[in-house]
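My questions all concern the structure below.
The values are calculated or read from the model by the stated rules, or taken from the named source; none is laboratory data. Since we're looking at a predicted model, the values are computed, not measured. Virtual Cβ from ideal backbone geometry, glycine too; neighbours counted across all protein chains shown. The area values use the complete protein model at the heavy-atom level, side chains included, leaving out ligands, DNA and RNA. Shrake-Rupley method; radii C 1.70, N 1.55, O 1.52, S 1.80 Å.
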Amino acid sequence: MNESPFVLYSDGKGNIFEDLTLYATGRSGWDALPVSPEDWIELPDGGSLYELPGRKGIGVDVITGEMRLCEKGWAVAAFIPPAHTGLYLSAYETAAGAPTLPLFCYTAAGWLNGKFHVPAIRIERDIRQDCKGYDWDRIHEGVDRSLQAYPENRLVKHLANNCALTYHCPAARNYFMGRWECPVPVSPACNANCLGCISFQPQEESITSPQDRLSFRPTAEEIVEFTVPHLQTAAYPIVSFGQGCEGEPLLMWDTMREAIIEMRKHTDRGSINVNTNGSRPDAVRALCEAGLDSIRVSTNSARRAIYEAYYRPNNYTFEDIVESLRIVRSYGGWASINYFVFPGMTDSVEEYEALRKLIRDTGLTMIQWRNFNIDPDWYLGRIGVTDTGEFLGVRQLMELIHEEFPEVRYGYFNPPMERIRGGFEKDFAH
Ligand code: SF4
């Protein structure tokens, strides 16, 4: 594309308009800047737009080339769907007293040729969370079938009534459609205090968590009862401990270990994965001994200070998460980071150097380039970052890391065993 989209604004009543006097810009760190035309793509299917109360969009005047505010209404941002990574945040000026934005990602957005556009790339070919792939009739049938098959199973009830039917969790909906990644939340507690925790927000905070944290400790029997049939029958099956509706799964490592041993007595099909904050390397080793195939450690940064300012860990350190990744690799397992991408922070020169070190120190297998679901001003303010320093650009960061570490895979989702063993690059539009 060789044209720049125009700024979008809202009337505060949910109606969105384009301002043909201003080209859209993007945000990196604290700065607004022009976005090169080739970085814009049409807003992918499943994306949505937000009006940002108390904020005015920043654009480039189409005549003078000067950067100025759009005074016509509130700023607008895009929530881009899974499998896509945003290259720039929405650029706006925040008025005093503006409300903190909820825990969603705020990618830049613009209007061109009758379509909404965003600066983003599709980083993942796997279609498991493409919204057009969901069939609510099949989901409801699956829910009814599972609740009948496992009437006493608290976890199946939670996945059905809360995850699939209330939160519309993509993984839970896939489970009830009998395919792909099956979510297994296990922990009501956590040993971190992430600012942007999506399952628990302290009363005093002005934002709320989009999900409620699991309120019970499942037994190994409850876990095994529905995961074994999934591993045995689903297409490209994955069983994934560690979900958005729970605390830290490693705090339930003994139950997970027991369940993994039991699962593998019944089938060697599929991949058993844990999404985790990586805080307990000892527990990770025990799970690898039991048969864990892959791990995904979430992090907002490869820098200790930035990590600990956000995670506010209880009784563990950044070094522990590095050790957890290293241990899985030492067992030949697949080790990913769930990398919260924040333009200006993730692609800063300091972060780039730290990421190179993390890859070298761990033998990392994959980077899942995830959009950071958080209010940008609130996040930078709370971790005390007033200047994000020199930056490379998210696309350039990806290219530099790929050049130096071609063996490190890129994506957005945990790969199934067929991809882990079958060669990650193989065309995968299942
Ligand atoms: S590690 Fe997960 S559950 Fe724990 S505080 Fe952070 S986001 Fe919340």
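Of all residues being closer than 11 Å to residue 344 by Cβ and not in a loop (DSSP other than H, G, I, E, B) in segment 380-396, which is nearest to the chain's Cα centre (by Cα)? Just the residue, please. Steps first, please.
Going residue by residue through segment 380-396, those that are closer than 11 Å to residue 344 by Cβ are 380, 385, 387-394.
Among the residues that remain, those that are also not in a loop (DSSP other than H, G, I, E, B) are: 380, 391, 394.
Numbers: 380: 18, 391: 22, 394: 16 Å.
My answer is 394.
So the check is Cβ under 8 Å with 6+ separation or different chains; which pairs have a first residue in segment 341-361 that's free of Cβ contacts under 8 Å to residues at least 24 places away in the same chain and a second one that's open to solvent by less than 10 Å² (accessible area, probe 1.4 Å)?
none
For segment 366-381, name all the residues that are within 28 Å of residue 293 (Cα to Cα) and open to solvent by less than 10 Å² (accessible area, probe 1.4 Å).
Residues of segment 366-381 within 28 Å of residue 293 (Cα to Cα): 366-373.
Scanning segment 366-381 gives 366, 367, 368, 369.
Among the residues of segment 303-319, is there at least one that is outside any helix (DSSP H, G or I), closer than 19 Å to residue 333 by Cβ and open to solvent by less than 20 Å² (accessible area, probe 1.4 Å)? Please lay out each step first, then the result.
The first filter runs over segment 303-319 and keeps only residues outside any helix (DSSP H, G or I), leaving 303, 312-317.
Subset that is closer than 19 Å to residue 333 by Cβ: none.
No, because not a single residue in segment 303-319 is outside any helix (DSSP H, G or I), closer than 19 Å to residue 333 by Cβ and open to solvent by less than 20 Å² (accessible area, probe 1.4 Å).
So, one more: Out of 201, 148, 232, 243, report the one residue that is more than 22 Å from residue 295 (Cβ to Cβ), assigned to a loop (DSSP other than H, G, I, E, B) and open to solvent by 10 Å² or more (accessible area, probe 1.4 Å). Before you say what the answer is, go through the steps one by one.
Working: 148 fails: assigned to a loop (DSSP other than H, G, I, E, B); 232 fails: assigned to a loop (DSSP other than H, G, I, E, B); 243 fails: more than 22 Å from residue 295 (Cβ to Cβ).
So the residue among 201, 148, 232, 243 that is more than 22 Å from residue 295 (Cβ to Cβ), assigned to a loop (DSSP other than H, G, I, E, B) and open to solvent by 10 Å² or more (accessible area, probe 1.4 Å) is 201.
Among the candidates 202, 249, which residue alone is within 14 Å of the ligand (Cβ to nearest atom), under 30 Å from residue 372 (Cβ atoms) and free of Cβ contacts under 8 Å to residues at least 12 places away in the same chain?
Working: 249 fails: free of Cβ contacts under 8 Å to residues at least 12 places away in the same chain.
None of the other options fit; the residue is 202.
Oh, and also: Filter segment 320-330 down to the residues that are touching a strand residue (DSSP E or B) at 6+ places or on another chain (Cβ under 7 Å) and either of a type outside the set (S, T, N, Q) or open to solvent by 40 Å² or more (accessible area, probe 1.4 Å) (or both) and list them by number. Talk me through it step by step, then tell me what you get.
Filtering segment 320-330 down to residues touching a strand residue (DSSP E or B) at 6+ places or on another chain (Cβ under 7 Å) leaves 321, 324-325, 328-329.
Within segment 320-330, 321, 325, 328, 329 qualify.
Of the numbered conditions (1) of a type in the set (Val, Ile, Thr); (2) more than 14 Å from the ligand (Cβ to nearest atom); (3) not in a helix (DSSP H, G or I), residue 297 satisfies every one except a single condition; which is it?
All conditions are met except number (2).
Turning to a different aspect of this structure: Go through segment 268-286 and report how many residues are touching a Gly at 6+ places or on another chain (Cβ under 8 Å) and within 14 Å of the ligand (Cβ to nearest atom).
Qualifying residue count for the region: 3.
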